[in-house]
Amino acid sequence: MANPNQQRFYKNLEIILAELPWYVEEFIDNKRRTLSPASLLNYCHDFKIFFNWILTEGFHPGPLKDIPLSILEKLTRQQIETFLSFLKHQLNNKDLTVNRKLSALKSLFNYLQNIAETDELEPYIHRNVMAKIEFNQVSEDPETTANRMEGKILMGDEYEQFRAFVAEGYAEVFKEDKKKINFYQFNRERDTAIVSLFLGSGLRLSELVGLDLGDIDFNKFNARVIRKGNKEQYVYFSEQAMLDLQDYIRIRIERYKIDKTNKALFLSAPMGPKGTSRRLTPRAVEKLVEKYAIAYGKPSLSVHKLRHSFATRYHAEINDVPKLRRQLGHSSIQTTMIYTHIQNDDLKKAINQLNMMDKLKETDN
């Protein structure tokens with residue numbers, strides 16, 4: 001059964017599918033078994049941009065939902081190149097983003113040509129223009145990626161300093177602003193636990209917001225998460241993250257006025273006439289990290305940069321790429337190898353090195 005976070009993705013997926021042509025919904029249904037709801041939703045957002053472009057270019061009079069398969073079959077290679085230029089120069093998409101959207105379209109067109117078939121056992125389309133289109137060349141090597149990342153993540157003492165800033169320092173910066181201080185004091189334990197968990201585990205944003213109270217094992221220092229591809233995995237976290245989580249959980253029910261049946265780990269402040277607290281959304285978590293990052297003086301810091309910060313520190317302290325790969329949930333070890341290129345020589349403290357090593361060794365037994 002899908003957790004509440006997945007259910008929310010599925011609900012949004014159904015909303016956007018209602019705006020898209022019927023064959024897109026059929027393609028998405030074909031992918032539901034192998035892709036996460038978040039990935040399916042991203043596909044649909046990419047498709048919507050493409051089909052809106054078709055309308056804007058006058059290839060079909062509209063509405064978007066009624067764009068026939070024959071339009072796709074008649075698109076030329078040059079027209080698709082024009083669409084990709086539109087993504088890059090008008091929507092300011094980077095080459096990697098253009099490649100991702102092109103990959104989504106290639107997957108759709110491949111389904112229409114090679115997998116889907118009519119009652120007469122004919123493919124939906126006979127001509128696949130996307131097969132003629134090449135991806136952008138992205139030649140950045142791991143060392144270049146690492147160098148670009150350096151300076152945007154937490155290094156050395158900043159790791160502990162940023163967590164301490166969220167836990168206490170923010171109040172000093174805004175002590176004259178009563179509204180900000182009141183909101184900060186209300187959510188201080190929650191926000192500290194969130195940042196501490198990112199820094200002490202390297203969780204993805206979707207994995208953190210999807211956590212339920214029952215997913216945390218306080219004895220084994222791990223959390224049950226649903227990773228990409230709907231894979232279940234137990235991810236270890238640091239002792240500091242555990243302490244901050246316990247501080248938050250002690251005030252969770254009374255502070256956020258929730259029914260004991262609400263199992264979401266991280267909750268929003270009570271809202272609406274009934275003062276209802278709900279599971280924090282991914283965007284809400286992004287915004288709270290952005291708020292603290294700006295106040296701390298490192299505006300480039302984001303949720304994903306916190307994940308990078310964990311990985312960089314873990315590699316510098318423990319230097320075990322296969323275990324780091326498992327901890328981060330990377331499908332390719334080449335992605336994990338990026339962190340071996342980041343220079344981080346001035347670290348003074350380990351993130352519970354022996355504790356983390358002992359916990360990860362258990363996975364090998």
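Measuring with a 1.4 angstrom probe and ignoring ligands and nucleic acids, ILE16 comes out at about 10 Å² accessible. Carbon-plus-sulfur accessible fraction, the stretch 71-113 (probe radius 1.4 Å, protein heavy atoms only): 47%. Accessible area per residue for the stretch 164-298, computed on protein heavy atoms with a 1.4 Å probe, is 49 Å². Annotation for the stretch 149-226: GluC sites (Glu not before Pro) lying in DSSP loop with at most 13 further Cβ atoms inside 10 Å of their Cβ are GLU176. Using Cα positions and a limit of under 27 Å, work out the lysines in reach of LYS257, with same-chain residues fewer than 8 apart set aside. Within reach: LYS11, LYS175, LYS178, LYS179, LYS180, LYS274, LYS287, LYS291. Pairs from the table (LYS31/LYS94; LYS74/LYS106; LYS65/LYS101; LYS231/LYS305; LYS298/LYS323) lying more than 21 angstrom apart at Cα are LYS31/LYS94; LYS231/LYS305; LYS298/LYS323. Solvent-accessible surface of the stretch 1-127, taken per residue with a 1.4 Å probe and all protein chains present: 54 Å².
The stretch 172-210 and the stretch 285-316 have Cα centres separated by 12 Å. Ignoring any ligand, DNA or RNA, what whole percent of the accessible area of the stretch 186-295 comes from carbon and sulfur when the probe is 1.4 angstrom? Whole-percent figure for carbon plus sulfur exposure: 51.
The values are calculated or read from the model by the stated rules, or taken from the named source; none is laboratory data. Nothing here was measured: the structure is a model prediction, and the numbers come from that model. Cβ coordinates were reconstructed from backbone atoms using ideal geometry, including for glycine residues, and neighbour counts include every protein chain displayed. Ligands, DNA and RNA are stripped out before the accessible areas are found, and what is left, the full protein with its side chains, is counted by its heavy atoms. Shrake-Rupley method; radii C 1.70, N 1.55, O 1.52, S 1.80 Å.
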